[in-house]
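Each value in this text was obtained by applying a stated rule to the coordinates, not by laboratory testing. Note that this is a predicted model, so its numbers are computed, not measured. Reconstructed Cβ throughout: ideal geometry from the backbone, glycine too, with neighbour counts over all protein chains shown.
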């Protein structure tokens with residue numbers, strides 16, 4: 001009976017309950033690892049943005065300092081002008097005149113340099129007008145005094161010089177306001193840079209601590225799963241001991257069960273190893289980060305609170321040492337499981353195999369069956385490969401035997417074996433015009449004890465599962481393309497030289 005809408009509504013809170021969520025996380029150790037990775041990534045992004053903002057603040061500080069320096073330089077140039085001109089009025093010494101000319105050139109150069117800083121400081125328009133007017137008035141006063149000096153009227157020039165002090169004071173006042181704007185900008189940028197640095201520091205510390213906690217949680221979950229696996233293996237060993245008492249009457253069943261146990265142990269150990277590698281990688285990154293933080297904390301010029309120093313120099317190394325010890329133990333457990341899963345497996349050997357000769361021998365071996373169903377088998381040309389001869393003969397002997405066995409009745413059989421090299425691999429295809437495989441059965445034919453189509457031929461559904469296992473051990477892969485009633489094509493991809501097995 002299908003669930004009603006009310007039933008689905010009633011089940012929804014249970015799926016979203018805290019207990020269900022906790023159970024979901026506990027059965028998936030990769031979730032804390034992913035959260036830790038996201039946290040570290042987020043901290044890195046925020047830190048990068050903070051560094052960029054700090055660089056901008058530093059640029060603003062430098063700009064403010066340049067403006068203050070330009071204002072002071074212009075004031076000095078103006079004072080030098082005033083002093084040189086006054087000295088020449090009192091004592092018409094050519095040296096005073098030369099000093100005046102040099103100071104005038106500096107003044108005409110320094111004022112445009114100061115004006116170039118206005119845009120970066122958002123100088124108020126009223127202040128810009130004020131300083132421009134004050135400088136123009138002082139320059140006009142200098143020019144008027146120079147005219148009186150040139151006409152020889154030193155008395156009038158002296159009076160004009162005294163009166164020009166008002167214009168000098170106006171320039172000083174305007175320059176003081178400009179410096180005030182620059183100092184305000186300087187203080188604001190320094191304060192913003194300090195706040196950004198503090199935020200980045202706190203965020204890094206908090207992010208690393210949270211990442212450590214998440215990784216520790218993942219390790220706890222992995223250790224728990226390892227314990228469950230160990231208990232499961234103990235149960236399996238106890239069951240095997242019980243089954244040995246009936247080995248004579250249950251030999252076939254026991255062999256099948258043992259193979260399933262080996263496959264289960266290998267798959268579980270492989271799944272456990274992937275998150276373990278991630279934990280080791282994150283631990284290495286945390287150790288590097290802790291070393292940087294430790295160097296900073298040890299530096300005498302850095303004012304680091306004692307509790308933070310203790311966390312960096314003592315607590316974090318201790319926690320990461322625990323992580324290292326736990327992951328080491330987990331690694332040893334996984335290796336032990338892998339060793340158990342390999343027991344009873346035959347060691348593959350490396351032989352030079354003439355594939356063309358091997359296929360001809362296999363065809364000769366099934367020639368009687370092929371003649372009985374009027375089947376023709378065509379063999380192409382193949383290169384030599386390096387691999388386990390027995391495994392090759394079992395794989396392709398089984399595929400050829402199936403091609404002959406599952407031809408359509410009343411239709412002359414056509415079977416072709418072809419191959420091609422692709423880099424360091426060889427692709428071998430066995431194509432037939434037999435009964436074919438239905439779409440929903442194409443994946444199932446490689447599963448243990450699974451068979452497709454009419455069950456009119458002897459067999460237990462082991463052959464193709466064994467073929468797939470052998471192909472994988474040889475470092476290759478196999479898949480099938482087929483249409484029901486049109487035939488099948490099994491494609492096997494193998495390395496030209498089998499890798500050395502450890």
Worksheet item: In nanometres, what is the gap between the two model label sites at residue 90 and residue 34, each 7 Å from Cα along Cα-to-Cβ?
Response: 8.5
Worksheet item: For the stretch 351-495, what D do you get in µm² per second when you plug the Kirkwood radius from alpha-carbon pairs into Stokes-Einstein at 37 °C and 0.692 mPa s?
Response: 213
Worksheet entry | FRET efficiency, residue 444 to residue 205 (Cβ-Cβ, R0 41 Å, nearest 0.05) | 0.15
Worksheet item: Pulled fully out, how much extra length does the chain show between residue 296 and residue 56, if you take 0.36 nm times their separation in residues and subtract their Cα-Cα distance?
Response: 84.0 nm
Worksheet, complete the sentence: Across all Cα atoms of the stretch 390-446, Rg and the largest Cα-Cα distance (Dmax), in Å, are 13.2, 41
Response to the item:
Per the rule of 0.36 nm per residue minus the C-alpha distance, extending residue 306 to residue 394 adds in nm 24.7 nm
Item to complete: Grab the beta carbon distance between residue 122 and residue 220, set R0 = 56 Å, and tell me the FRET efficiency rounded to 0.05.
Response: 0.50
Response to the item:
Bounding extents of the stretch 35-195 in its principal axis frame from Cα atoms, largest first in Å, are 87, 30, 18
Practice prompt. Go ahead and collect, in residue order, the members of the stretch 383-411 whose backbone nitrogen is under 19 Å from a label point 7 Å along the Cα-Cβ direction of residue 425.
Written response: 383-388, 392, 395-396
Worksheet entry | Paired Rg and Dmax values of the stretch 131-237, which use every Cα atom, in angstrom | 38.0, 122
Worksheet, complete the sentence: re the stretch 346-404: pairs of Cα atoms spaced beyond 17 Å account for a percent value of 41
Worksheet item: Each label point is 7 Å from the Cα along the Cα-to-Cβ direction; what then is the distance between the points at residue 314 and residue 140, in nm?
Response: 7.5
Discussion item. Using 0.36 nm times the number of residues separating residue 191 and residue 47, minus their current alpha carbon distance, what extension gain do you get?
Written reply: 50.1 nm
Worksheet item: Once label points are set 7 Å from the Cα along Cα→Cβ at both residue 416 and residue 472, what is their separation, rounded to one decimal in nm?
Response: 3.1
